[in-house]
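Encoded as structure tokens, the structure appears first; notes follow it.
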Amino acid sequence: MPVPDPALPPSRAERLKRATHQTHERLDQRIMAERIFDSRERFAAFLRVQHRLHRHVAGVYAHASLHAVLPDLPARQRLAAIEQDLADLGVPAPAPLHPPLRDVPFAAALGWLYVVEGSALGGAVLYKMAARLGLDSGFGARHLAPAAEGVAAHWRHFTLALNAIRLTAEEEQCVEDGAIAAFAAVTGFVLHEFAVAEEFA
């Protein structure tokens with residue numbers, strides 16, 4: 001990935017990375033602490049977390065005003081792949097914990113997208129680890145498989161479009177608030193799903 005030029009002001013994506021770094025690190029550590037590659041059952045619990053998140057944000061991917069600035073947004077949605085992964089493992093999709101996001105303000109939606117799209121970067125690492133469970137792009141781990149253009153290029157195309165959007169200072173804060181809310185939501189899904197997994201272990 002390109003290295004930021006210290007002589008230039010940080011881009012929107014760079015500012016979001018800084019604002020959410022600690023929360024992101026804690027979430028990643030928590031997910032790996034749940035030993036999601038110890039068994040297909042534990043990986044299925046992770047899939048259910050993913051399903052909860054992607055179903056929660058499905059309305060964001062359908063946000064008409066976002067399509068004007070992120071024209072490939074519908075093709076980036078991974079909910080259908082997650083549903084197939086669950087079906088591969090014989091696991092039903094979980095019931096939602098919260099109503100799906102609807103009528104999210106444009107700027108806040110960008111923050112949510114930053115988090116959900118960014119998860120594909122870590123997903124590429126998890127995809128390689130899923131091989132130990134016999135899972136791949138054809139069975140059980142479709143949604144983690146890197147995009148055809150490569151995970152780095154896929155992310156770069158998203159951040160270039162994200163950074164080019166003109167926003168007011170107030171809207172910039174809404175973007176950050178959206179990203180923080182997204183990480184909080186995922187953390188809640190992880191805590192709930194793995195509490196249930198332990199109950200039935």
*Neighbours by Cβ (under 6 Å, 6+ apart or cross-chain): first from the range 30-59, of a type in the set (S, T, N, Q); second surrounded by 22 or more Cβ atoms within 10 Å (Cβ to Cβ)*: GLN50/ILE82
*asked:* Considering only residues that are basic (Lys, Arg), surrounded by fewer than 18 Cβ atoms within 10 Å (Cβ to Cβ) and in contact (Cβ under 8 Å) with a residue 12 or more places away in the chain, which ones fall in the range 129-183?
replied: ARG132, ARG156
_Anything in the range 66-110 that is closer than 30 Å to ARG166 by Cβ and not in a loop (DSSP other than H, G, I, E, B)? List them, or say none._
LEU66, HIS67, LEU73, PRO74, ALA75, ARG76, LEU79, PHE106, ALA107, ALA108, ALA109, LEU110
*asked:* Quick check on my filter: what residues within the range 19-53 are of a type in the set (Gly, Ala, Ser), within 25 Å of PRO105 (Cα to Cα) and surrounded by 20 or more Cβ atoms within 10 Å (Cβ to Cβ)?
replied: none
*asked:* If I ask for residues that are of a type in the set (A, V, I, L, M, F, W, C) and under 15 Å from TYR114 (Cα atoms), which ones from the range 36-75 would you list?
replied: LEU53, VAL57, ALA58, VAL60, LEU66, VAL69, LEU70, LEU73
*Go through the range 132-180 residue by residue and tally those that are in a loop (DSSP other than H, G, I, E, B), at negative phi and not aliphatic (A, V, I, L, M).*
6
*Only one residue in HIS56, HIS63 is within 21 Å of GLY111 (Cα to Cα), crowded, with 18+ Cβ neighbours inside 10 Å and at pLDDT below 95. Which one?*
HIS63
*Name, by its number, the condition in (1) hydrophobic (A, V, I, L, M, F, W, C); (2) in contact with a helix residue (DSSP H, G or I) (Cβ under 9 Å, 6 or more places away or on another chain); (3) more than 20 Å from ALA182 (Cα to Cα) that does not hold for VAL104.*
(3)
*asked:* Pairs please, first residue from the range 97-120 and at negative phi and surrounded by fewer than 20 Cβ atoms within 10 Å (Cβ to Cβ), second anywhere and among the charged types (D, E, K, R) and assigned to a helix (DSSP H, G or I), Cβ atoms under 6 Å, 6+ apart in sequence or on different chains.
replied: ALA107/GLU171
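Yes/no per residue for (1) at pLDDT 95 or above; (2) under 13 Å from the mean Cα position of the chain (by Cα):
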residue: GLN84; (1), (2): yes, no
residue: ASP88; (1), (2): yes, no
residue: GLY123; (1), (2): no, yes
residue: ALA130; (1), (2): yes, no
residue: GLY134; (1), (2): yes, no
residue: HIS143; (1), (2): yes, yes
residue: THR159; (1), (2): yes, no
residue: ARG166; (1), (2): yes, no
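The values are calculated or read from the model by the stated rules, or taken from the named source; none is laboratory data. A quick note: this is a predicted structure, and the numbers were derived from the prediction, not measured. Methodologically, a virtual Cβ is constructed for each residue, glycine included, from the backbone with ideal geometry; neighbour enumeration extends over all protein chains shown.
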